[in-house]
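Pasting in a structure now, in structure tokens, and then I'll have a few things to ask.
The values are calculated or read from the model by the stated rules, or taken from the named source; none is laboratory data. Values in this document were obtained by computation on a predicted structure and should not be read as measured data. Note: ideal-geometry Cβ built from the backbone for every residue, glycine included; neighbour counts use all protein chains shown. These area figures cover heavy atoms from the full protein model, side chains too; ligands, DNA and RNA do not enter into them. Shrake-Rupley method; radii C 1.70, N 1.55, O 1.52, S 1.80 Å.
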Amino acid sequence: MTGRYPRLAAGHDVNEAWSEVEDVRPRDREREFEQLYEASYGAVLAYTQRRVEAAADAADAVAETFTVAWRRLDEIPEGESLPWLYGVARRVLANQRRGDRRRADLSSRLRSQPAPKVEIEGLVEADEDRHRVLSALSRLKEADREVLRLAAWEELSHRDIALVVGCSEPSVAVRLHRARNRLGREIGKEDRRAGQDRGAGPGRRAEGQVP
């Protein structure tokens, strides 16, 4: 017989022949991993929990350990899966500790740096300037806003802006020039409006107002 059925030689038992066929069948990796996980999860979790303080760190280590086990399933020695998993978990925990030390060292270095001097007045003025410019920008047409943002925020060249908006470089130069002029006029309006607001303070009465 041929195909899927075993060929029997003289003196061979049928059961032995079928066992040979089963030996060459493809392995069910998912089922193997499930069995490994079910049999070993509790032991690996206990192993990690005894070596770290935070439960979250233990859970992360277990997850990473079984991720490695899935990738290297063919390398796990038969009958020694638990010691193999412990070895993986040990390396995962060592990596965790190295990462924790690096973060602690970085935090320590940052704390040792002198705090930068903050000029509150400058921050307030910068925030007011930003608000004024954004307010002026919002009143422009979308085409003007886009070329200005590409030039100022993304810092693109005229050539790159031309590729983004779909026009020539000379056209970009003209559009940017006009958009900047329009923005300047809108900022001027903001400045005049702010000056009028400051001039009409709560203690000042409009001309001709009867006290």
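Could you say whether any residue in the range 146-158 is open to solvent by 70 Å² or more (accessible area, probe 1.4 Å), at pLDDT 65 or above, touching a helix residue (DSSP H, G or I) at 6+ places or on another chain (Cβ under 6 Å) and on the phi < 0 side of the Ramachandran plot? Steps first, please.
Going through the range 146-158, the residues open to solvent by 70 Å² or more (accessible area, probe 1.4 Å) turn out to be 153-155, 158.
Among the residues that remain, those that are also at pLDDT 65 or above are: 153-155, 158.
With touching a helix residue (DSSP H, G or I) at 6+ places or on another chain (Cβ under 6 Å) added as a condition, the list becomes 158.
Then keep just the ones that are on the phi < 0 side of the Ramachandran plot; that gives 158.
Checked against the condition, which is being open to solvent by 70 Å² or more (accessible area, probe 1.4 Å), at pLDDT 65 or above, touching a helix residue (DSSP H, G or I) at 6+ places or on another chain (Cβ under 6 Å) and on the phi < 0 side of the Ramachandran plot, the range 146-158 yields at least one hit.
Got a sec? Which helices (runs of 4 or more DSSP H) wholly within the range 1-72 have at least 3 residues that are at pLDDT below 90 and open to solvent by 70 Å² or more (accessible area, probe 1.4 Å)?
14-23
Criterion first (out of contact with any Pro (no Cβ under 8 Å at 6 or more places or on another chain), in a helix (DSSP H, G or I) and open to solvent by 90 Å² or more (accessible area, probe 1.4 Å)) does Arg185 satisfy it? If you could, list the steps in order and put the result at the bottom.
Working: out of contact with any Pro (no Cβ under 8 Å at 6 or more places or on another chain): yes; in a helix (DSSP H, G or I): yes; open to solvent by 90 Å² or more (accessible area, probe 1.4 Å): yes.
Answer is yes for this residue.
Give the range 159-168 a look and list any residue that's modelled with pLDDT of 85 or more and surrounded by fewer than 14 Cβ atoms within 10 Å (Cβ to Cβ), or say none.
Within the range 159-168, Arg159, Gly166, Ser168 qualify.
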